[in-house]
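Just below is one structure, and these are the notes that go with it.
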Amino acid sequence: MTHDHGPGNLGPGTLGSGTLGLATTRPVYGAIARRLHWATVGAVFVMVPLGLAMTYRGNTLDIWDGLTDALYSSHKLIGFLLLWLMVGRLIWRLLHGAPPDEPSLLWWQKAASHLVHWLLYGLLLVVPLLGWIGVSLYPSLTVFGLFDLPALAKPNEDLAKRVLWLHGTLVFATVAVIGGHIAAALYHYFIRKDGVLRRMLPGLK
Ligand code: HEM
Ligand code: HEM
């Protein structure tokens, strides 16, 4: 089971009485799904500034010292782990599903939220994969000089530049979609005051 099921349609308010007279609540995402969500958020919030900082230091300021190398290595390592986190998360989601939509939403709000969620899954698989393909082509697979990531392609510097350009460009699309997603979460919490944010909050039983 993925989520703690209560009866789906209780009308406004999150608390209601079940047929047994027990206090029940609307369904939320399961504990694992919520942990995976917030682990992804943490990793993405580190990866974007890290990517910007390392390219600013390397490409813009043209400083190629130990710190720049360490920033690139961290970016590759965390990004590589994030890719597998997303693969695991996608498998978990496909196997376990999500709780039914918040009942008070209009049809287009449900459709928009599903679209955004699947777009985020897609982007967060494609973006790190392009990074990995890019460093394979370059090639620049070393992580802190300790080990290499497995190569996904034969060296081709021209293609590497195009793939990494696409990587950087899709990150900006991802950040825009995440911005919309966060705005929607806050709109539900502060303006509509419905149960949508609660579905994903950590620490619920
Ligand atoms: C979701 C995960 C990732 C995010 C959010 C992310 C984010 C970024 C960002 C914001 C930049 C700077 C783009 C720019 O300045 O135009 C960047 C560049 C870069 N990323 Fe990632 N990245 C991710 C995963 C990866 C992975 C897994 C690798 C390699 C294993 C990687 C390798 C690179 C490289 C080599 C660059 C430099 C590109 C250049 O110099 O033009 N990234 N990334
Ligand atoms: C890097 C940033 C984020 C990413 C990539 C992300 C990704 C996702 C994805 C893929 C889902 C769909 C889960 C599923 O059905 O399997 C989701 C759901 C959700 N996220 Fe995020 N999220 C991010 C940040 C946030 C933040 C900061 C908040 C809160 C302010 C938030 C609140 C929610 C809520 C409430 C849901 C459940 C929506 C619903 O029940 O329809 N997310 N998120």
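The values are calculated or read from the model by the stated rules, or taken from the named source; none is laboratory data. Nothing here was measured: the structure is a model prediction, and the numbers come from that model. No Cβ is skipped: glycine too gets one built from the backbone with ideal geometry, and neighbour counts run over all protein chains shown.
Just a few scattered comments:
- Any pair with Cβ under 8 angstrom, 6 or more apart, that starts in segment 68-83 at a residue that is touching a residue at least 24 places away in the same chain (Cβ under 8 Å) and more than 18 Å from residue 121 (Cβ to Cβ) and ends at one that is hydroxyl-bearing (Ser, Thr, Tyr) and within 8 Å of ligand 1 (Cβ to nearest atom): 72/140
- Residue, farthest from residue 55 (Cα to Cα), within segment 167-192, restricted to residues that are surrounded by fewer than 15 Cβ atoms within 10 Å (Cβ to Cβ) and within 13 Å of ligand 1 (Cβ to nearest atom): 176
Let's see how each residue does on (1) assigned to a helix (DSSP H, G or I); (2) more than 22 Å from residue 74 (Cα to Cα); (3) modelled with pLDDT of 95 or more:
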site: 99; (1), (2), (3): no, yes, yes
site: 125; (1), (2), (3): yes, no, yes
site: 140; (1), (2), (3): no, no, yes
site: 160; (1), (2), (3): yes, no, yes
site: 170; (1), (2), (3): yes, no, yes
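- A single member of 68, 60 is in contact with a Lys or Arg (Cβ under 6 Å, 6 or more places away or on another chain), modelled with pLDDT of 95 or more and farther than 21 Å from residue 42 by Cα, and it is 68.
- Residue among 118, 132 that is under 16 Å from residue 43 (Cβ atoms) and either at pLDDT below 95 or of a type in the set (Phe, Trp, Tyr) (or both): 132
- Looking only at residues in segment 57-68 that are assigned to a helix (DSSP H, G or I) and out of contact with any helix residue (DSSP H, G or I) (no Cβ under 9 Å at 6 or more places or on another chain), the one that is nearest to residue 141 (Cα to Cα) is 66.
- Residue match in segment 137-154 (condition: away from ligand 1 (no atom under 12 Å from the Cβ), basic (Lys, Arg) and loosely packed, with under 14 Cβ neighbours inside 10 Å): yes
- Residue check, residue 150 away from ligand 2 (no atom under 15 Å from the Cβ), free of Cβ contacts under 8 Å to residues at least 60 places away in the same chain, farther than 28 Å from residue 49 by Cβ and not in a helix (DSSP H, G or I): no
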